[in-house]
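Structure record follows, encoded as structure tokens.
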Amino acid sequence: MQVVNCYCCSRKIFDSCCEPYLLGTKKTTTAEELMRSRYSAFATQQADYLVSTTHFSTRKNHHKKDILEWATTNKWLKLEVLNTTETTVEFKAYYQDTSGQKYIHHEFSTFKKENENWYYVDGRF
């Protein structure tokens with residue numbers, strides 16, 4: 001079995017960091033954990049997880065096909081968490097497109113906890 005560092009840049013091993021969230025065997029307990037697991041979902045092309053962890057009020061704006069296309073057409077390089085509160089996370093996601101061009105996605109995200117589950121609501125770029 002190959003040991004893989006977690007894509008979320010937590011300095012932990014993937015199978016003991018974000019993978020249990022992606023597999024549904026563990027629930028996130030903070031907005032930051034959800035955001036990190038969502039980054040790992042982009043890196044591993046887990047569109048179902050991204051849809052299911054998007055809040056019901058904004059889910060209609062996030063289509064699985066579009067999510068999967070963005071996840072697969074980019075190589076996810078690094079995640080940098082800049083600031084967190086109980087319900088917000090500011091981060092930079094570094095990625096590279098198929099032409100080799102590198103980008104930084106800088107987002108201030110809002111999260112909401114309902115029925116013991118955390119959800120991504122929206123983000124400002």
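Every read-out reported here was derived from the displayed coordinates using simple, explicitly stated rules and does not represent laboratory data. Model, not experiment: these values are computed from the prediction. Here Cβ is always computed from backbone atoms with ideal geometry, including for glycine, and neighbour counts include all displayed protein chains.
The alpha carbon centroids of region 81-125 and region 1-15 are separated by 19 Å. Put in order of Cβ neighbour count within 10 Å, fewest first, the listed residues Arg11, Arg59 become Arg11, Arg59.
Among Tyr39, Tyr103, Tyr49, the largest mean-square fluctuation in a Gaussian network model of the chain, built with springs joining Cα atoms closer than 10 Å, belongs to Tyr103. Exposure proxy for Trp70, Trp118, Trp76: other Cβ atoms within 10 Å of each Cβ, ordered fewest to most, give Trp70, Trp76, Trp118.
Rounded, prolate or oblate: which fits the chain, taking a ≥ b ≥ c as square roots of the Cα gyration tensor eigenvalues, rounded meaning a/c under 1.5, else prolate when a/b beats b/c? The shape class here is rounded. Pairs spanning more than 22 Å between alpha-carbon atoms, out of Lys27/Lys112; Lys12/Lys112; Lys26/Lys75; Lys60/Lys113: Lys12/Lys112; Lys26/Lys75.
For region 19-86, the list of GluC sites (Glu not before Pro) that fall in a loop by DSSP and count at most 10 other C-beta atoms within 10 angstrom reads Glu86. In sequence order, region 54-70 has phi-based couplings of 8, 4, 4, 5, 10, 4, 4, 8, 10, 9, 3, 4, 5, 4, 5, 5, 5 Hz under the Karplus curve 6.51 cos²θ - 1.76 cosθ + 1.60, θ = phi - 60°, and Gly or Pro positions carry x. Among Thr110, Thr25, Thr73, the residue with the largest mean-square fluctuation in a Gaussian network model of the chain, with springs joining Cα atoms closer than 10 Å, is Thr25.
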